[in-house]
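Before any comments, here is the structure.
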Amino acid sequence: MANVDVVNLDGKKVGSVELADAVFGADQVNEALLWEAVKHYRASQRQGTHATKNRKLVAGSGKKLWKQKGTGRARVGSVRSPLWRHGGTVHGPQPRSYEYAFPRKKLLGALRSALAAKLADGKLTVVDTLEIKESKTKLYRKALDTLGATRTTLLVENGKTLTQALVLGARNLDGVELVLNNEVHPYDLLRYERAIFSKAAIEQLSEALIKTVSKRKLAQTEAA
């Protein structure tokens, strides 16, 4: 198991935590799976509100411009024909949803890969607590600078220890996002340069991911 230092918001070591190799091991990084998870996440974020006007929606009269035969001209039924200028669009984009199903096992596998990559790059920090007595943004900015998180940062907290002071203090920080440990997504870990977990959040998340690995290995053993 990997032994990671636990620090406080002043950057001083106050303990350590063991992280399971089954979740945070360097051999767990699967770049192809990470790509799939990011593609799925970004597809689900698309609004899909694009639309073009077809023949029935474009403005214009439906009257036949001239008789069908005898004029020597090409036959035409309406000024709204797609062949005419200002006419309707043929097979243009219409509102749709880009979301599609993504297996939960693959999502959890991508999450393990993202966590392992973050730890291997030295971009994952564990603190004893993210709580500050006063909900002031400048205090959190100072704490993050002390921890070396001077650029984009993802703060991950446990739902049971989440406080109003943390929410109010972190919400106005530029380039900083606060999420719960049961809501963190591989895309979030890849998007932000540094990830700062509270000790309670990393332990609970690690425990949940270990259970999924154990169930998978048990299923493989039974199948064999």
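The values are calculated or read from the model by the stated rules, or taken from the named source; none is laboratory data. Fair warning: this is a prediction, and the values are worked out from it, not measured in the lab. All Cβ positions, even for glycine, are placed from backbone atoms using ideal geometry, and neighbour counts span all protein chains on display.
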Checking Val58 against (1) surrounded by 11 or more Cβ atoms within 10 Å (Cβ to Cβ); (2) out of contact with any helix residue (DSSP H, G or I) (no Cβ under 9 Å at 6 or more places or on another chain); (3) under 17 Å from Lys123 (Cα atoms), which single condition isn't satisfied?
(3)
For the range 134-181: of the residues being charged (D, E, K, R) and in contact with a Leu (Cβ under 9 Å, 6 or more places away or on another chain), which is nearest to Gln204 (Cα to Cα)?
Glu157
Expected output for the range 89-108 (first residue part of a loop (DSSP other than H, G, I, E, B), partner exposed (fewer than 12 other Cβ atoms within 10 Å of the Cβ), Cβ below 6 Å, 6+ apart or cross-chain) is Pro93/His50; Pro95/Thr49
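Suppose we filter Gly48, Gly25 for residues that are farther than 17 Å from Leu108 by Cβ, surrounded by 13 or more Cβ atoms within 10 Å (Cβ to Cβ) and within 23 Å of the chain's Cα centre (by Cα); which single one remains? Steps first, please.
Details: Gly25 fails: farther than 17 Å from Leu108 by Cβ.
When all the criteria are applied, what remains is Gly48.
Looking at the range 128-180, which of the residues that are among the hydroxyl-bearing types (Ser, Thr, Tyr) and at pLDDT below 85 is farthest from the chain's Cα centre (by Cα)? So that I can check it myself, show each step before the final result.
So the first thing to find is which residues in the range 128-180 are among the hydroxyl-bearing types (Ser, Thr, Tyr), and the list is 129, 135, 137, 140, 146, 150, 152-153, 161, 163.
The next check asks that each one be at pLDDT below 85; those that pass are 135, 161, 163.
Working: Ser135: 27, Thr161: 23, Thr163: 23 Å.
My answer is Ser135.
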